[in-house]
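The values are calculated or read from the model by the stated rules, or taken from the named source; none is laboratory data. Computed from a predicted model, the values in this text were never measured in an experiment. Using ideal geometry, Cβ is built from the backbone for each residue, glycine included, and neighbour counts are taken over all protein chains shown.
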Amino acid sequence: MSWFKRTSAGIKTQRSQQNDIPEGQWVKCQGCSETITRRELERQLLVCSRCDYHFKMSPTGYFNLLFDGEYELFDENIISSDPLQFTDQKSYKDRLEATRKKTGLQDAAKAAVGEVGGYPISVSAMDFTFIGGSMGSVVGEIVARSIKRAYEKKIPALVITQSGGARMMEGALSLMQMAKTSAHLTKLSEAGLPFFVLLTNPTTGGVTASFAMLGDIHLAEPGALIGFAGPRVIRETMGQDLPEGFQTSEFLLEKGYIDRIVDRRKLKGELAHLLALFLSK
Ligand SMILES: [Zn+2]
């Protein structure tokens with residue numbers, strides 16, 4: 001299966017880009033370079049109180065932030081079977097195992113059902129720390145089941161996106177997740193239930209090209225990179241400079257791609273308000 005072996009070294013994501021909150025008591029803000037204590041940052045929901053830079057938040061962080069109280073987790077034990085036996089310097093199987101060990105996660109998404117402002121909602125959220133939040137068969141399945149759970153329970157769905165795109169190590173199986181999640185969204189729509197998307201930094205590739213852009217309402221965190229191909233790839237391919245602020249939440253709001261930019265500290269209130277607008281009789 002030499003097709004699935006990569007011989008030359010490709011694009012690698014630096015560790016610092018994968019997780020912008022390094023270990024230790026002090027954290028340097030990527031927005032304003034100010035040093036903040038970890039405790040203060042956590043108190044502010046991982047938002048810099050000086051410049052409003054939004055650090056990445058984990059699915060569990062969002063669940064704790066959004067849900068009124070207790071929530072139920074689903075599909076915690078789905079793991080990839082590595083059907084292509086993909087190898088690139090390190091085998092995909094080994095990389096999965098090492099990443100599971102390091103992050104304590106099974107894959108790059110989690111799903112839960114709980115209440116937001118008294119309204120039940122099925123939520124799935126992605127995690128960039130697990131192989132760049134890439135969407136393989138497990139992430140696709142978790143998101144698809146979360147949407148299915150919504151139309152079966154007759155409740156709305158929310159997906160919180162944070163992804164480098166499709167997981168290349170799963171080849172076409174990864175691309176199939178785009179069709180699968182989109183098909184479930186059609187059923188949700190046919191059931192007359194709203195689908196919300198919260199785009200966080202970064203949302204790119206196959207995730208942008210499927211469920212991330214199929215919401216009834218698109219919210220985005222400030223300053224998030226949202227696009228299909230990254231700006232560097234586009235710049236190098238086109239051979240020309242890109243407009244200022246290209247592919248940021250603010251740029252996309254101006255162009256009509258998204259509905260609203262929401263500060264994380266106001267997210268729960270905004271979502272509860274939207275749910276009330278959509279669902280109150
Ligand atoms: Zn800052």
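Below is a table of values for the structure above.
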item: Failed item, numbered, when Glu115 is tested on (1) surrounded by fewer than 20 Cβ atoms within 10 Å (Cβ to Cβ); (2) touching an Asp or Glu at 6+ places or on another chain (Cβ under 7 Å); (3) assigned to a helix (DSSP H, G or I); result: (3)
item: Residue, nearest to the ligand (Cβ to nearest atom), within the stretch 26-37, restricted to residues that are touching a residue at least 12 places away in the same chain (Cβ under 8 Å) and assigned to a strand (DSSP E or B); result: Ile36
item: Members of the stretch 38-67 found to be under 13 Å from Pro222 (Cα atoms), part of a loop (DSSP other than H, G, I, E, B) and in contact with a Leu (Cβ under 8 Å, 6 or more places away or on another chain), listed by number; result: Cys48, Phe55, Lys56
item: Residue match in the stretch 38-53 (condition: more than 16 Å from the ligand (Cβ to nearest atom), surrounded by 14 or more Cβ atoms within 10 Å (Cβ to Cβ) and at pLDDT 95 or above); result: no
item: Residue satisfying condition, being within 20 Å of the chain's Cα centre (by Cα), modelled with pLDDT under 95, surrounded by fewer than 20 Cβ atoms within 10 Å (Cβ to Cβ) and more than 29 Å from Glu42 (Cα to Cα), within set Ala229, Ala209; result: Ala229
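Residue by residue, here is whether (1) farther than 23 Å from Phe74 by Cα; (2) outside any loop (DSSP other than H, G, I, E, B); (3) in contact (Cβ under 8 Å) with a residue 60 or more places away in the chain holds:
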{"position": "Ile121", "(1), (2), (3)": "no, yes, yes"}
{"position": "Phe128", "(1), (2), (3)": "no, no, yes"}
{"position": "Gly140", "(1), (2), (3)": "no, yes, no"}
{"position": "Ile155", "(1), (2), (3)": "no, no, no"}
{"position": "Leu199", "(1), (2), (3)": "no, yes, no"}
{"position": "Ala212", "(1), (2), (3)": "no, yes, no"}
{"position": "Gly215", "(1), (2), (3)": "no, no, no"}
{"position": "His218", "(1), (2), (3)": "yes, yes, no"}
